[in-house]
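A quick write-up on the structure given underneath.
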Amino acid sequence: MTMENQHHAPVRLAHLFEPIHLGKTQARNRVALVATLTNYAKDHLITPRWTSFLVERAKGGVGTLITELIAVDPAALAHGGIVVGYDERNQDGFKRAADGVRQAGGVLLGQLWHPGRQQLWAPVRSPKGISERPDAFSWTVPHVMSTDELRALVDRFIEVAQRLHRAGFHGVELHGAHGYLLTQLLSPWSNDRNDEFGGSVENRTRFVRDVAHGIRQTCGNDFVIGLKMPGDEGVRPGIDPDESRRIAMRINEENLLDYLAISQGNFSLSLENHVPDLNFREAHFRDLAANLRPHVAPLPLMSIGRIASPSLAEDLLASGVCDMVGVSRALMADANWVRKAEQGELEAIRPATYTNVSWGETQGGRPLIEENNPELGEDGEADWQPGRSSRPGRVAVVGAGPAGLEAAWVLAARGHDVTLFGRGTEAGGGLRLLSTLPHLSQQKDATDWQVRQAHKYGVDLRLGKEASLSEIEELAPDLVLLATGSRPSTPDGLEGCGFSLKEGVASGLAIPAGSTVVIYDLDQTAATYAAVDALSAMSRIVLVTPRAEFAKGVNYCSQIGVMRRLYQSGVELIPATEVVGRSAEGVRLRNVYSGQEKTLNGVDYLLWSSPRQANVALLSALSEKGVQIRMVGDCVSPRNLTCAIHEGRTIAMAH
């Protein structure tokens with residue numbers, strides 16, 4: 001089975017576009033869409049959007065596409081967004097996905113999954129594990145499967161692989177990473193069994209080997225079998241790089257696999273490693289693959305973890321780190337990531353944000369979203385264009401943040417004459433300000449891309465001063481789109497007592513080293529903690545919130561990192577407390593539950609990160625002029641980046 005490469009890659013990305021053999025199947029390039037949970041299924045059944053997510057990325061040039069996890073057993077169910085592989089009702093859906101990916105030139109693999117003891121979304125079901133050790137995420141103690149139950153489960157994996165084979169899939173990937181059942185069997189941290197599946201590396205790898213043997217015997221030598229496993233589980237005594245090498249070498253002795261994918265972390269606090277955010281380096285875990293590769297060669301090895309750009313992917317391949325690159329979030333942001341790279345259009349690639357907001361949605365049981373891609377998973381996503389408006393006119397967009405920029409470029413692409421006003425000398429609004437903080441410089445990539453799109457479609461950008469009513473009137477616009485954002489509010493009782501954290505960031509955090517700073521956290525989002533990280537490097541920080549916990553506005557994966565950095569930097573955390581005032585004696589605090597008050601002495605600065613208020617200063621004046629006005633983004637209601645970009649797109653497509 002051969003997937004021919006129809007294009008010539010630029011020389012600088014030559015390695016990326018080399019075909020690769022996975023067993024007897026050839027993929028057209030070295031890029032793989034790693035399994036990405038979408039929750040697009042309904043009642044465990046495949047939906048058109050589930051299929052489109054895969055097919056659109058195949059149309060965009062991805063060589064190998066791995067489905068999101070497919071449950072192999074009724075005990076593996078979580079919620080209705082999880083596809084089941086054992087239900088005959090999904091067979092036609094599997095076939096449509098396989099046909100669509102093949103027609104687009106991709107290789108499709110189904111990821112076979114069982115969570116084991118992991119208790120994710122279904123608290124009324126009894127999880128099935130391999131020991132009485134509790135799930136690190138929920139502390140649930142599972143039913144312990146007997147030897148016979150595990151043997152029977154081997155058959156369930158094989159049976160689902162056979163179903164996918166009949167549907168036309170090129171192969172399967174066994175999900176042995178992230179703390180799920182196969183990891184639990186492989187890892188000495190979780191496996192304390194004393195039967196044929198526990199103890200030695202020989203026994204701990206037996207389940208995986210038995211599954212792979214059975215799939216090979218029933219599906220044939222042309223059927224791809226891959227394994228995703230930890231390069232470092234992040235717990236001790238678990239799978240560290242040395243143990244990963246021993247496991248991989250033992251499984252590879254029998255030539256059972258056609259590739260090996262290396263991931264990291266499990267559902268302990270090492271979960272933050274699973275989807276590294278902006279606080280990690282790009283390709284942060286490259287050494288896990290690089291160090292393992294010599295021990296399993298010539299078996300193709302895939303590296304995974306924040307591989308954001310085709311240039312970085314090329315470097316990993318050219319330097320011998322890996323044979324394939326596993327990409328998810330970059331492909332979520334732009335289904336054409338591969339095709340644009342192949343055509344040399346690197347600046348046209350819409351960047352991923354790497355905030356893990358998307359992970360937070362699916363972990364909460366909701367459908368997958370991407371902040372920077374409103375069309376995610378829709379039919380025709382790879383070929384999406386704004387189209388021409390039936391009534392093009394003159395539009396003034398006031399506000400050059402993400403909402404205004406998105407609306408402006410899409411309106412211009414639709415044939416409108418668009419003028420964009422921005423108060424700052426650079427476009428980007430609050431997101432550009434956020435990008436001045438350590439580790440967050442890439443936040444501005446999203447708005448930089450929007451600016452390039454605005455220039456491409458001829459938007460007149462007028463930056464560096466506040467838009468006046470007279471300037472807007474001079475344009476005689478058919479539509480004024482207000483995207484004027486929001487401003488921080490002052491907490492009750494603190495007028496004149498300090499200033500907002502946003503003002504502090506705008507001033508360059510010009511606080512003398514060694515100062516004592518109280519930060520009143522009424523926000524709990526990642527932006528607040530990024531500023532705290534920066535301040536804690538030079539000052540004593542006391543972080544106060546009226547909530548019982550911190551970082552509740554941050555997805556769990558990234559929340560782990562937030563809390564780790566707060567504790568490591570010595571920030572003093574005071575939860576369940578409100579700041580009620582400031583006097584010469586200090587900052588007054590009151591516990592929200594007991595009402596007990598105390599005073600913090602020796603405080604040099606009081607800052608707050610508070611709920612924002614919509615900035616609608618121009619609204620009434622424009623309304624009096626009888627101009628057609630629409631509002632978008634935070635000036636409607638202060639929310640987040642997802643709302644800003646998606647709302648900007650929606651309002652532009654309506655005109």
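The values are calculated or read from the model by the stated rules, or taken from the named source; none is laboratory data. Source: prediction; values computed, not measured. Neighbour counts are summed over all protein chains in view; Cβ atoms, including those assigned to glycine, are modelled from backbone coordinates with ideal geometry. What goes into the accessible areas is simple: the full protein's heavy atoms, side chains included, and nothing from ligands, DNA or RNA. Shrake-Rupley method; radii C 1.70, N 1.55, O 1.52, S 1.80 Å.
It is to be established whether one or more residues within segment 618-633 are within 28 Å of the chain's Cα centre (by Cα) and not charged (D, E, K, R). So far as segment 618-633 goes, yes, one or more of its residues are within 28 Å of the chain's Cα centre (by Cα) and not charged (D, E, K, R).
For TYR567, the stated conditions do not hold, so it cannot be described as open to solvent by 60 Å² or more (accessible area, probe 1.4 Å), under 21 Å from GLY364 (Cβ atoms) and of a type in the set (Phe, Trp, Tyr).
Scanning segment 240-251 for residues that are open to solvent by less than 30 Å² (accessible area, probe 1.4 Å), without any contact (Cβ under 8 Å) to a residue 60 or more places away in the chain and over 28 Å from ARG166 (Cβ atoms) returns GLU243, SER244, ALA248.
Could you tell me how many of the residues in segment 403-423 are out of contact with any Gly (no Cβ under 7 Å at 6 or more places or on another chain) and part of a loop (DSSP other than H, G, I, E, B)? So the count comes out to 2.
Give the residue that is surrounded by the fewest Cβ atoms within 10 Å (Cβ to Cβ), with candidates limited to residues of segment 276-317 that are of a type in the set (Lys, Arg) and in a helix (DSSP H, G or I). Checking each candidate, the answer is ARG293.
Restricting attention to segment 617-637, and to residues there that are modelled with pLDDT of 95 or more and outside any strand (DSSP E or B), which single residue is most open to solvent (accessible area, probe 1.4 Å)?
So, considering only residues that are modelled with pLDDT of 95 or more and outside any strand (DSSP E or B), the one most open to solvent (accessible area, probe 1.4 Å) is VAL636.
Restricting GLU375, GLU406 to residues that are open to solvent by less than 20 Å² (accessible area, probe 1.4 Å) and closer than 30 Å to LYS552 by Cα narrows the list to GLU406. One residue stands out in segment 583-603 among those that are in a loop (DSSP other than H, G, I, E, B) and hydroxyl-bearing (Ser, Thr, Tyr): the one that is modelled with the lowest pLDDT, namely SER583.
Taking the listed residues SER268, SER263, the one that is closer than 20 Å to HIS114 by Cβ and modelled with pLDDT of 95 or more is SER263, with no other qualifying. On inspection, ALA467 fails the criterion of being under 22 Å from ARG639 (Cβ atoms), of a type in the set (Gly, Ala, Ser), open to solvent by less than 20 Å² (accessible area, probe 1.4 Å) and not in a helix (DSSP H, G or I). Applying the criterion of at least 2 residues that are buried (at least 24 other Cβ atoms within 10 Å of the Cβ), modelled with pLDDT of 95 or more and over 19 Å from the mean Cα position of the chain (by Cα) to the strands (runs of 3 or more DSSP E) found wholly in segment 8-123 leaves 64-71, 107-113. For segment 334-360, a residue qualifies if it is among the polar types (S, T, N, Q) and in contact with a helix residue (DSSP H, G or I) (Cβ under 8 Å, 6 or more places away or on another chain), and the qualifying residues are ASN336, THR353, THR355, ASN356, SER358. When segment 196-239 is filtered for residues that are open to solvent by 30 Å² or more (accessible area, probe 1.4 Å), part of a loop (DSSP other than H, G, I, E, B), more than 16 Å from GLN184 (Cβ to Cβ) and in contact with a strand residue (DSSP E or B) (Cβ under 9 Å, 6 or more places away or on another chain), only ASP222 remains.
Which of the residues spanning segment 492-508 are among the small types (Gly, Ala, Ser) and in a loop (DSSP other than H, G, I, E, B)? GLY493, GLY496, GLY498, SER507, GLY508, listed by residue number. Does ASP148 qualify as being touching a residue at least 24 places away in the same chain (Cβ under 8 Å), open to solvent by 40 Å² or more (accessible area, probe 1.4 Å) and not in a loop (DSSP other than H, G, I, E, B)? The answer is no for ASP148. Within segment 405-419, track down each residue that is within 14 Å of GLY485 (Cα to Cα) and out of contact with any Lys or Arg (no Cβ under 6 Å at 6 or more places or on another chain). Result: LEU405, ALA407. If you scan segment 15-36, which residues turn out to be among the aliphatic types (A, V, I, L, M) and either touching a helix residue (DSSP H, G or I) at 6+ places or on another chain (Cβ under 7 Å) or free of Cβ contacts under 8 Å to residues at least 24 places away in the same chain (or both)? LEU16, VAL31, LEU33, listed by residue number.
Only one of VAL451, VAL517, VAL459, VAL480 is open to solvent by less than 40 Å² (accessible area, probe 1.4 Å), out of contact with any strand residue (DSSP E or B) (no Cβ under 7 Å at 6 or more places or on another chain) and not small (Gly, Ala, Ser). Can you tell me which?
Values: VAL517 fails: out of contact with any strand residue (DSSP E or B) (no Cβ under 7 Å at 6 or more places or on another chain); VAL459 fails: out of contact with any strand residue (DSSP E or B) (no Cβ under 7 Å at 6 or more places or on another chain); VAL480 fails: out of contact with any strand residue (DSSP E or B) (no Cβ under 7 Å at 6 or more places or on another chain).
Answer to the selection: VAL451.
Residues in segment 495-505 include none that are at pLDDT 95 or above, in contact with a helix residue (DSSP H, G or I) (Cβ under 8 Å, 6 or more places away or on another chain) and more than 24 Å from ARG423 (Cα to Cα).
Of the residues in segment 318-333, not one is at pLDDT 95 or above, in contact with a helix residue (DSSP H, G or I) (Cβ under 8 Å, 6 or more places away or on another chain), open to solvent by 20 Å² or more (accessible area, probe 1.4 Å) and aliphatic (A, V, I, L, M). I'd like to know if segment 387-396 contains one or more residues that are modelled with pLDDT of 95 or more, under 22 Å from GLY415 (Cα atoms), surrounded by fewer than 16 Cβ atoms within 10 Å (Cβ to Cβ) and of a type in the set (Ser, Thr, Tyr). Checking segment 387-396: at least one residue is modelled with pLDDT of 95 or more, under 22 Å from GLY415 (Cα atoms), surrounded by fewer than 16 Cβ atoms within 10 Å (Cβ to Cβ) and of a type in the set (Ser, Thr, Tyr). Among the residues examined, GLU647 qualifies as in contact with a helix residue (DSSP H, G or I) (Cβ under 7 Å, 6 or more places away or on another chain), among the acidic types (Asp, Glu) and either open to solvent by 60 Å² or more (accessible area, probe 1.4 Å) or not in a strand (DSSP E or B) (or both). Can you tell me which of ALA506, ALA584, ALA537, ALA548 is hydrophobic (A, V, I, L, M, F, W, C), free of Cβ contacts under 8 Å to residues at least 12 places away in the same chain, open to solvent by 40 Å² or more (accessible area, probe 1.4 Å) and out of contact with any Gly (no Cβ under 7 Å at 6 or more places or on another chain)? None of the other options fit; the residue is ALA584.
For segment 151-174, the tally of residues that are open to solvent by 10 Å² or more (accessible area, probe 1.4 Å) and outside any helix (DSSP H, G or I) stands at 1. What about ASP192, is it open to solvent by 20 Å² or more (accessible area, probe 1.4 Å) and in contact with a strand residue (DSSP E or B) (Cβ under 6 Å, 6 or more places away or on another chain)? In short, no.
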